[in-house]
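Working notes, beginning with the structure itself.
The values are calculated or read from the model by the stated rules, or taken from the named source; none is laboratory data. Remember, it's a predicted structure, so these values are computed and weren't measured experimentally. Here Cβ is always computed from backbone atoms with ideal geometry, including for glycine, and neighbour counts include all displayed protein chains. All accessible areas refer to the heavy atoms of the entire protein, side chains included, with ligands and DNA or RNA removed. Shrake-Rupley method; radii C 1.70, N 1.55, O 1.52, S 1.80 Å.
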Amino acid sequence: MNLVIAIDGPAGAGKSTVARALARKLGLFLLDTGAIYRAVALAAKRAQLPYSDGTQLGALARNLKIRFDEADHIWLGNEDVSAAIRTPEMSQGASAVSAHPEVRAALLDLQRQIASQGGCVVEGRDIGTVVLPQAPVKVFLTASPEVRARRRYDELKLRSPGVDFAETLKDLIERDEREPSGRLHR
């Protein structure tokens, strides 16, 4: 199947859950663009680059070797970083690095190249408007900040029992303010 389905929406709206279930049901590849940004954040942390330096982060992102395998694992060079990128710290890092136009531009071609192979569900912010505006099927998911924070909190407390709901809500609102598409859908 050569179909491309774009699933868009703010953080915590359920994009990953819906995309994963849909890809599995239809037998399509899942392109989790958030995982790509998390990989950039991990690489930046390892290189001791500040998340505030868009120029250096853009150059880093352009030169990274990021790929997905058949098991939906994400690889940074020769390392499977699937677990390393799924921490609250890398979630915040992904939000910070994705705010830089240089990083978004550096990753745009990679996302389009992977999606151009077809047979995939692509999920992430601005997928249907910026990354894949010609996608034949576009879905936009949203929910109130409180509902999205509850979803994120429930997910995070499985890995980090000390996580706090009020802090999760505060982080989500700050992320919405940092990321242009988040400001549009609050």
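Points to keep in mind about this one:
- 3J(HN,Hα) couplings calculated from phi for the range 167-173 with the Karplus curve 6.51 cos²θ - 1.76 cosθ + 1.60 (θ = phi - 60°) are, in sequence order, 5, 4, 5, 4, 4, 5, 5 Hz; Gly and Pro show x.
- Listed by chain and number, the lysines placed with their C-alpha closer than 21 angstrom to that of residue 138 are 15, 25; residues fewer than eight positions away on the same chain are left out.
- Neighbourhood net charge (15 Å Cβ-Cβ; Lys/Arg +1, Asp/Glu -1) for residue 39: +2
- Under the convention that each Lys and Arg Cβ holds +1 and each Asp and Glu Cβ holds -1, the size of the dipole of the range 81-186 around its Cα centre is about 240 debye.
- Surface accessible to a 1.4 Å probe, per residue, for the residues of the chain, Å²: 50 Å²
- For the range 11-68 versus the range 133-149, the gap between their alpha-carbon centres in whole angstrom: 17 Å
- In the chain, the DSSP beta bridges split such that about 30 percent are antiparallel, to the nearest 5.
- Reachable aspartates and glutamates, given that their alpha-carbon falls under 20 Å from the alpha-carbon of residue 45 and they are not under 8 places away in the same chain: 53, 79, 80, 89, 102, 171
- Accessible area of residue 178 in the full protein assembly, 1.4 Å probe (Å², nearest 10): 80 Å²
- Matching label, Rg and Dmax of the Cα atoms in Å computed from the structure shown, candidates [x] 17.5, 56; [y] 15.5, 43; [z] 18.4, 59: [y]
- Each Cα pair under 8 Å and six or more residues apart adds its separation to the average, and for the chain the resulting relative contact order is 38 percent.
- Percent accessible area from carbon and sulfur atoms, the chain, protein chains only, probe 1.4 Å: 54 percent
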